[in-house]
Amino acid sequence: MSYLGIDLGTSGLRALLVAETGRVIGSVERSYSSEHKHSGWSEQDPAHWIAALEDAVRALRSSYPDFSDLKAASVAGHMHGATLLDKDGSVIRPCILWNDTRADAEARVLDGMDKVRDISGNIVFPGFTAPKLLWVAKHEPEHFARVDKVLLPAAYLNYYLTGDFVADMSDSAGTSWLNVADREWSDTLLNAGQMRQDQMPRLVEGCQPAGTLRPELARKWGVSNAVIIAGGAGDNAAAACGIGALNEGDGFLSLGTSGVLLAARDGYHPDPASALHTFCHAVPDRWYQMGVMLSATDSLNWLGQITGKSPSDLTTDLGDTLRGPGRVRFLPYLSGERTPHNDANIRGSFTSLGKDTTRNDLTHAVLEGVAFGLRDSYEALIDTGARIDRLLAIGGGARSQYWIKLIATVLNVPLELPKDGEFGAALGAARLAMIAHTADVADRVLTPPEVAERVMPDAALQPAFDSAYQQFRSVYPTLKSVSSLS
């Protein structure tokens, strides 16, 4: 038996085939691009997702005979995207993606409405789905009038696979239309966003069957007609399933282009004012919360571009021994910030530069500034009562031993580095497919990976970094007042 996990990312699709034991059989990746017609716009043609999926399936079929014994599949997708379908199920316009900020004004209007935060458990961010539809209603009324269904990217692939309009709870929690506590569409939120229940897909839990593979696809793929399609998940919920972050105390730090600090929760504990995301997990009766900073490794990449050095060279030049806080400060708001400031206009800065400032000083300041930005998310999570016993560190930035030592010390939390292998969203999706097929207990399937190394905080330097973090926090009000003038 084999199971297929599909990770529908912003820049490409990854298809992962695993055995019933959880062993990885093989994987295929296919890329596609986004369109940016205007500043702040980000769109994709859903036909590119289908083409990438079909090409990936062809490659898996030709390379791995186990594909023919496929029992279930599941999709993890980038969240918040608005895929608009007419009454015939045809796509009306390109999907408006999660990183599209055109609906800033509409988001502010929705966020200020009575009960919206209370029911959704979240601030209404410009990237969420609901404000996008208000933007379409205002600027493309001819398209809005044709909307019969609104699907998130993963739900659109579910529709392609099953022929049914169905979405999971974790992905749907990022629309500003879901009652996140009760895990159902909210009439109050839909009315606020000028939408209706019949325009929404049917809801299932991520580990439950959503349908079966369409017979024509089953014949095309060379598999049985009875292949189960699980509900799937939003990308971060799927990543949590991939690394076994299921219960209170579990979490991960993703040090990628953006930075994500995620904590699994046994209950529902929203705190919208902190700009934390509070979403349903991909399994019943579980939630997760995460703080998001927009420029994590992106900050180091930027420094590399302006200094002519690769990010790895910049961090290698710092050596292996963690040093204390530097004089130079870096505010990592190159593209605005989400948690805790929810400020799209704020921008970053270096302070306390001098003639004696070196490139290593700048590098250390960037690493330190990102660590402090992640500490903002950590503090917001702790304020909701989250317990964080350990964090698994993943993403490209986790390859820097120096950075991991620094972040562990700034957060005062051990960071665990997984052994090489699969532990991302594609594996999480495959695991959800396995649960949907076998009806196994989630805790037995969604297990953590083997840990290669546990990095402990530097107790001697931790008080100094605590003091430096408080100084970091004090700069934001001044920076905000400057950004408001620009």
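The values are calculated or read from the model by the stated rules, or taken from the named source; none is laboratory data. Because the structure is a prediction, the values reported are computed rather than measured. FYI the Cβ positions are ideal-geometry reconstructions off the backbone, even for glycines, and counts take in every protein chain you see.
Brief remarks on what is shown
- Of the residues making up region 95-110, those that are more than 21 Å from the chain's Cα centre (by Cα) and surrounded by fewer than 21 Cβ atoms within 10 Å (Cβ to Cβ) are A105, R108, V109.
- Residue list for region 455-477, restricted to those being surrounded by 11 or more Cβ atoms within 10 Å (Cβ to Cβ) and at pLDDT below 95: Q471, F472, R473, V475, Y476
- Matching strands (runs of 3 or more DSSP E) fully within region 240-329 where at least 3 residues are surrounded by fewer than 20 Cβ atoms within 10 Å (Cβ to Cβ) and touching a helix residue (DSSP H, G or I) at 6+ places or on another chain (Cβ under 7 Å): none
- Selection of region 162-179 for residues being surrounded by fewer than 24 Cβ atoms within 10 Å (Cβ to Cβ) and among the aliphatic types (A, V, I, L, M) yields only V166.
- D440 meets each of the listed conditions (1) outside any helix (DSSP H, G or I); (2) in contact (Cβ under 8 Å) with a residue 40 or more places away in the chain apart from (2).
- Scanning region 102-109 for any residue that is over 20 Å from A173 (Cβ atoms), in the same structural domain as W41 (by TED's automatic domain parsing) and in contact (Cβ under 8 Å) with a residue 60 or more places away in the chain turns up at least one such residue.
- Only one of the numbered conditions (1) crowded, with 19+ Cβ neighbours inside 10 Å; (2) in a loop (DSSP other than H, G, I, E, B); (3) not assigned by TED's automatic domain parsing to the domain that holds G267 is violated by I435, and that is (2).
- Test: residue in region 208-222 that is under 24 Å from P131 (Cα atoms) and either assigned to a loop (DSSP other than H, G, I, E, B) or at pLDDT below 95 (or both): no
- Test: residue in region 415-424 that is closer than 20 Å to G242 by Cβ, in contact with a strand residue (DSSP E or B) (Cβ under 7 Å, 6 or more places away or on another chain), part of a helix (DSSP H, G or I) and assigned by TED's automatic domain parsing to the domain that holds N301: no
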